[in-house]
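What follows is a single structure, written as structure tokens, with notes after it.
The values are calculated or read from the model by the stated rules, or taken from the named source; none is laboratory data. Bear in mind that the values here come from a model prediction, so they are computed numbers and not experimental data. All Cβ positions, even for glycine, are placed from backbone atoms using ideal geometry, and neighbour counts span all protein chains on display.
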Amino acid sequence: MTPDRLDATFQALADPTRRAILARLALGEVSVTELAEPFAMSQPAISKHLKVLERAGLVTRGRDAQRRPVRLEARPLAEANGWLERYREIWEANYRRLDALLDAMKRAGAKPRRRRKERRS
Amino acid sequence: MNAQAADTIMVTTPNDLEVVTVRAFAAPRTLVFEAHTKPELVKRWLLGPPGWTMPVCEIDLRVGGKLRYVWKTEGDGSSFGMTGVFKEIVVPERLVHTEFFSDNWTGGEALITTTFTEKGGKTTVTITMRFASKEARDGAVATGMTDGMESSYQMLEEVLKSTAAA
């Protein structure tokens, strides 16, 4: 990969809207109109983001003039980085527990009763 | 249907110093914030890999207040700790605190910014972990990495894997 392509990829992924666009495309290709919808963003604004993603080779756009469907590019990917993978797995586990706790809190319907903070000497 | 997967985590490395995680929860922000700041609640989920408990969880929720966490594994009984200090607190939307671990895996103190944003009854929690230096971040992150090209593919894989349809 050339340094330019590397920079383009980093820049593409450094924006939360573009990451969310990639997440949506991972579920299947969509037209630009459908893509813009969840972001409450104008189509020109979404198109600007798509240009950045196209430059990085992360998406391609179909030739159908009407729909111009946007497609995630499946690329040969290196083996997942060990530390980031472990970090993600740990936080997935933490957050599944947090999901269960939040469900219990919602069912309880009110703030949990206060308890004295436990102190260990 | 909201096309954005609400319950999958995204982990990225947006620059040389930071690791960012983003995750949405089906709960109001006040509850999510409480679950992050009340020790009796934090102990129930911030446990890491399986087999660990959190025998110590102290949170003094004020600027300058201290955090202290100790995790213990049931296996060989070894423990692992973290201390920190709150730098900023905006209830219920933002927390900034430092973290230092007993095994110093962060290569010096790390700065953690946690934001809570609510939309349509769902709360998105974004954690930005800022390492003391690029070397510290890379030291943690770079296990097995050989060059920058590999890291960009890995970053993309993290984004895609963590958001693939369940």
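A residue that is among the polar types (S, T, N, Q), surrounded by 14 or more Cβ atoms within 10 Å (Cβ to Cβ), at pLDDT 80 or above and assigned to a helix (DSSP H, G or I) occurs nowhere in segment A:18-38.
State yes or no: is B:Thr113 polar (S, T, N, Q) and under 22 Å from B:Val32 (Cβ atoms)? When the stated conditions are applied, B:Thr113 passes them.
If the condition is being touching a helix residue (DSSP H, G or I) at 6+ places or on another chain (Cβ under 9 Å), in a loop (DSSP other than H, G, I, E, B) and not hydrophobic (A, V, I, L, M, F, W, C), then segment B:98-126 contributes B:Thr106, B:Gly107, B:Gly108.
Restricting A:Ala65, A:Ala14, A:Ala80 to residues that are in contact with a Pro (Cβ under 6 Å, 6 or more places away or on another chain), surrounded by fewer than 20 Cβ atoms within 10 Å (Cβ to Cβ), modelled with pLDDT under 80 and of a type in the set (A, V, I, L, M) narrows the list to A:Ala14. Considered as a group, the residues in segment B:22-48 that are at the interface with another protein chain (Cβ under 7 Å from one of its Cβ atoms) and under 28 Å from A:Ala14 (Cα atoms) include one that is surrounded by the fewest Cβ atoms within 10 Å (Cβ to Cβ), and that residue is B:Gly48.
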